[in-house]
Amino acid sequence: MTRAIPLEAVLVVAAALFCIGLFGALSRRNLVGVLMGVELMLNSANINLVAFWRYLEPRFITGPTFAIFIITVAAAEAAVGLAMIIAIYRSWNTVNADSVDGLRG
Amino acid sequence: MDLLIQIIFGLLTALIIGAAMMVVTVRNIIHAALWLIASFFGVAALYLLLEAEFIAVVQVLVYIGAISILILFAIMLTRHISGEGERLLTRHWWAAAVVALGLFGAVLLPTLAGNAWGIPLPTGPAGTPEPLSGVEELGRGFVSEFLLHFEVAGVLLTVALIGAIVIAFEERSRRRRVLTLAEEHTLNQRQKASAERAAAAADMAD
């Protein structure tokens, strides 16, 4: 498997996924869309960790362990983020990121 | 065999990147969530290709089974589903595009140019399986080397659970409070006044 696909190919896929997620997180108006972009970025970080583990150090388990911790953090982040979106929707009646400007000076 | 793996990798790459592009560009947010699920499936298949079976299963369970469903629930609870007639992106979306493309270029250049990864060459005759750590080492790591991290992750999940409940249900518990008599009276009056105003507006329209 490591002979068929070079490590760089996997890294480029992960980088592309990260940049797409970054664009989504920065530019979507819908707060749920922003959260989706963040999830894509976390996924690309996981791809990197698993790829480096597979190609460079397949004997040690550190890479998948960190991937599992990232998945844990992503689950916690999604739960709290969506709860915040629902709370924002209750008090502002909108989920658009640029409509929620209560801290504007 | 190598060609087959390369073809599968190409298809998976197209699925992951294409679905991710649809996530950030499609207008209907429900469709974006469904494309997100497709992208997660592609990533899980990529883990299988990289021979990380346990991570692939965890990806399907946690991302597709939990996070996607949570996102769909949040979309349905916030009602404005299609967003027709509204702007999809913020005003400065081109700046975000420049930042993303610049980052992609900045990452791509050293990845492709500086090729000193030090990948260990496969030893032994071709076809012999490489020594690969699996679920057993993962479990051992969680109870020995990564014990503290494991405990901290458990605490983090508990805190996130409690925090999500507190944040999302605060308003509703306040609204469920039993009204006092005076509050009910003012509420009734306000409703009556608004009904009269609506009737007057209908008369004006006639």
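Each value in this text was obtained by applying a stated rule to the coordinates, not by laboratory testing. If you're wondering where the values come from, they're calculated on a predicted model, not measured in any experiment. Don't worry about glycine lacking a Cβ; one is built from the backbone with ideal geometry, like all the others, and counts go over all protein chains shown.
So which of A:Ala83, A:Ala4 is farther than 23 Å from B:Ala96 by Cβ, outside any helix (DSSP H, G or I) and either under 22 Å from the mean Cα position of the chain (by Cα) or among the small types (Gly, Ala, Ser) (or both)?
The conditions single out A:Ala4.
This table checks each residue for (1) of a type in the set (A, V, I, L, M, F, W, C); (2) over 17 Å from B:Ala66 (Cα atoms); (3) facing chain B (nearest Cβ under 9 Å); (4) in contact with a Leu (Cβ under 9 Å, 6 or more places away or on another chain).
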| position | (1), (2), (3), (4) |
| --- | --- |
| A:Asn43 | no, no, yes, yes |
| A:Asn48 | no, yes, no, yes |
| A:Tyr55 | no, yes, yes, yes |
| A:Ala75 | yes, no, yes, yes |
| A:Ala78 | yes, no, yes, yes |
| A:Ala87 | yes, yes, yes, no |
| A:Asn93 | no, yes, no, no |
| A:Ala97 | yes, yes, yes, yes |
| A:Leu103 | yes, yes, no, no |
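With in contact (Cβ under 8 Å) with a residue 40 or more places away in the chain and within 9 Å of chain A (Cβ to nearest Cβ) as the only criterion, which of B:Ala33, B:Ala20 stands out? Can you show your working first?
Numbers: B:Ala20 fails: in contact (Cβ under 8 Å) with a residue 40 or more places away in the chain.
The match here is B:Ala33.
Taking the conditions exactly as written (of a type in the set (A, V, I, L, M, F, W, C), touching a helix residue (DSSP H, G or I) at 6+ places or on another chain (Cβ under 6 Å) and either within 7 Å of chain B (Cβ to nearest Cβ) or crowded, with 21+ Cβ neighbours inside 10 Å (or both)), does A:Leu35 satisfy them or not?
Yes, satisfied.
What helices (runs of 4 or more DSSP H) completely inside the range B:1-116 contain at least 3 residues that are farther than 30 Å from B:Ser133 by Cα?
Correct list: B:2-25, B:29-49, B:68-77, B:93-113.
Just to be sure I understand the filter: pairs with C-beta atoms under 6 Å, separated by 6 or more residues or on different chains, first member in the range B:132-146 and buried (at least 17 other Cβ atoms within 10 Å of the Cβ), second member among the charged types (D, E, K, R). Which pairs pass?
As it stands, the answer is B:Ser133/A:Arg59, since those pairs meet every condition given.
Based on this model, can you work out whether A:Arg59 counts as within 22 Å of B:Leu89 (Cα to Cα), among the basic types (Lys, Arg) and within 7 Å of chain B (Cβ to nearest Cβ)? Please lay out each step first, then the result.
Numbers: within 22 Å of B:Leu89 (Cα to Cα): no; among the basic types (Lys, Arg): yes; within 7 Å of chain B (Cβ to nearest Cβ): yes.
No.
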